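K.L.:
Would you mind keeping the following structure in view while I ask a few things?
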Amino acid sequence: MNSCPVRGKILIESFPARIFLQWYKISHMNENRKILAFDTSSERGSVVLLEGDILRAELRSNTAAGHSTLLLEAADFMLKREGLTLKDLTLIAVGIGPGSFTGIRIGVATGLGLSQSLGIPFVGVSGLDVLAHRAAQINDGRICILLDARRGQFYFGEYESKIGRLRRLRKPALINVSDVKNHLTDAEWITGDLDKDQVREIGEFFSRHARWIPVDLFLAEGIGRLGFERKRMWRSGDFLIAEPLYIRPPDAVKNRRKTEKR
């Protein structure tokens, strides 16, 4: 007899921020890989526990205070609720950006540390790739992604989806707000984290050329699923490395370059 997942919601007040936890209880769990995936690249932090393609638990935190104090505590909490320990994990999947330099650095360093100490593979996944896959599940066509990089700039990604197959058309870039329309010339679908004012600013373009696709901006589940599929990108042992997708160099690097030019 087939069983259906039983889902519940918990609001946790014991952490430094109000965190929404969506819990998935499965009556007959499969014996696939247990994946811990997390994303700390923006204020929308998330941690998930996957068993194969089944989402067992998800924890979301929406705070500008950072997620470094929540990450390991959240993972430990989720595992204990499922009667598991870190030693039961078989893959660590982490968001590599683009986004907050500090957030990405903390997430990648934590993921590499867990992978090394547990002796299990590590995989890094771009948040742009996750959003592109989510948009592609809704429509085929050319998909452009805009993520607010602040300081009057956006992180930009361009993809094309045909018959369920997605490919990246160009290297992710950092673009100025004034150049957004020039980069959307061939777009059929646009997604990202634009707020109402930003959408209104280029809204005329949407109505004439492309349509906006709203997608879930909490990325950990997508990171876990894509990471599980991309076995060629798994790293372990002597090959345990990660290349964060910063796109914008950290302020310390920019300040050093300015000093060297003087």
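The values are calculated or read from the model by the stated rules, or taken from the named source; none is laboratory data. Quick caveat, the model's predicted, so the values are computed rather than measured. Please note: Cβ atoms are built from the backbone with ideal geometry, for glycine as well, and neighbour counts cover all protein chains shown.
K.L.:
Only one of these conditions is not met by G224: (1) outside any strand (DSSP E or B); (2) not assigned by TED's automatic domain parsing to the domain that holds L36. Which number is it?
P.N.:
Going through (1) outside any strand (DSSP E or B); (2) not assigned by TED's automatic domain parsing to the domain that holds L36 one by one, G224 breaks only (2).
K.L.:
Any residue that is surrounded by 19 or more Cβ atoms within 10 Å (Cβ to Cβ), farther than 26 Å from R232 by Cα and hydroxyl-bearing (S, T, Y) - is there at least one of those in region 84-101?
P.N.:
Yes, because at least one residue in region 84-101 is surrounded by 19 or more Cβ atoms within 10 Å (Cβ to Cβ), farther than 26 Å from R232 by Cα and hydroxyl-bearing (S, T, Y).
K.L.:
Given the criterion of a type in the set (F, W, Y), more than 14 Å from the chain's Cα centre (by Cα) and more than 30 Å from E201 (Cβ to Cβ), identify the matching residue among F122, F156.
P.N.:
Details: F156 fails: more than 30 Å from E201 (Cβ to Cβ).
Answer to the selection: F122.
K.L.:
Of (1) part of a strand (DSSP E or B); (2) among the aliphatic types (A, V, I, L, M); (3) in contact with a His (Cβ under 8 Å, 6 or more places away or on another chain), A187 satisfies all except one. Which?
P.N.:
Of (1) part of a strand (DSSP E or B); (2) among the aliphatic types (A, V, I, L, M); (3) in contact with a His (Cβ under 8 Å, 6 or more places away or on another chain), only one is false for A187: (1).
K.L.:
Let me ask something else about it. Taking region 62-77 only, how many residues are of a type outside the set (D, E, K, R) and either modelled with pLDDT of 90 or more or closer than 17 Å to G224 by Cα (or both)? I'd like the intermediate steps shown before the answer.
P.N.:
The first filter runs over region 62-77 and keeps only residues of a type outside the set (D, E, K, R), leaving 62-72, 74-75, 77.
After this cut, where a residue has to be either modelled with pLDDT of 90 or more or closer than 17 Å to G224 by Cα (or both) as well, the list is 71-72, 74-75, 77.
So the answer is 5.
K.L.:
Within region 118-129, track down each residue that is crowded, with 19+ Cβ neighbours inside 10 Å and outside any helix (DSSP H, G or I).
P.N.:
I120, P121, F122, V123, G124, V125, S126
Let's see how each residue does on (1) over 16 Å from R142 (Cβ atoms); (2) surrounded by 15 or more Cβ atoms within 10 Å (Cβ to Cβ); (3) at pLDDT 85 or above; (4) not β-branched (V, I, T):
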residue	(1), (2), (3), (4)
W189	no, yes, yes, yes
K196	yes, no, no, yes
L219	yes, yes, yes, yes
L226	yes, yes, yes, yes
V253	yes, no, no, no
K258	yes, no, no, yes
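Residue-by-condition table, conditions (1) of a type outside the set (D, E, K, R); (2) crowded, with 19+ Cβ neighbours inside 10 Å; (3) in a helix (DSSP H, G or I):
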| residue | (1), (2), (3) |
| --- | --- |
| L112 | yes, no, yes |
| Q116 | yes, no, yes |
| L131 | yes, yes, yes |
| I138 | yes, no, no |
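K.L.:
Quick check on my filter: what residues within region 69-80 are part of a helix (DSSP H, G or I) and in contact with a strand residue (DSSP E or B) (Cβ under 9 Å, 6 or more places away or on another chain)? Walk me through how you get there before you give the answer.
P.N.:
Step one: of region 69-80, the residues part of a helix (DSSP H, G or I) are 71-80.
Result: L71, A74, A75, F77, M78, L79.
K.L.:
Another question, then. Right, E58: surrounded by fewer than 18 Cβ atoms within 10 Å (Cβ to Cβ) and either of a type in the set (K, R) or not in a loop (DSSP other than H, G, I, E, B) (or both) or not?
P.N.:
Answer is no for this residue.
K.L.:
Would you mention how many residues in region 140-184 are assigned to a loop (DSSP other than H, G, I, E, B), acidic (D, E) and touching a residue at least 40 places away in the same chain (Cβ under 8 Å)?
P.N.:
Let us first name the residues in region 140-184 that are assigned to a loop (DSSP other than H, G, I, E, B), namely 140, 151-152, 163-164, 169-172, 184.
Filter once more, so that each one left must be acidic (D, E): 140.
Imposing the further condition that a residue be touching a residue at least 40 places away in the same chain (Cβ under 8 Å) reduces the set to none.
Total satisfying the criteria: 0.
K.L.:
Here's another thing I want to ask about it. Just the residues that are part of a loop (DSSP other than H, G, I, E, B) and under 27 Å from A173 (Cβ atoms), please, taken from region 81-110. First the steps, then the outcome.
P.N.:
First pass over region 81-110, keeping only residues part of a loop (DSSP other than H, G, I, E, B): 82-85, 89-90, 96-100.
Result: I96, G97, P98, G99, S100.
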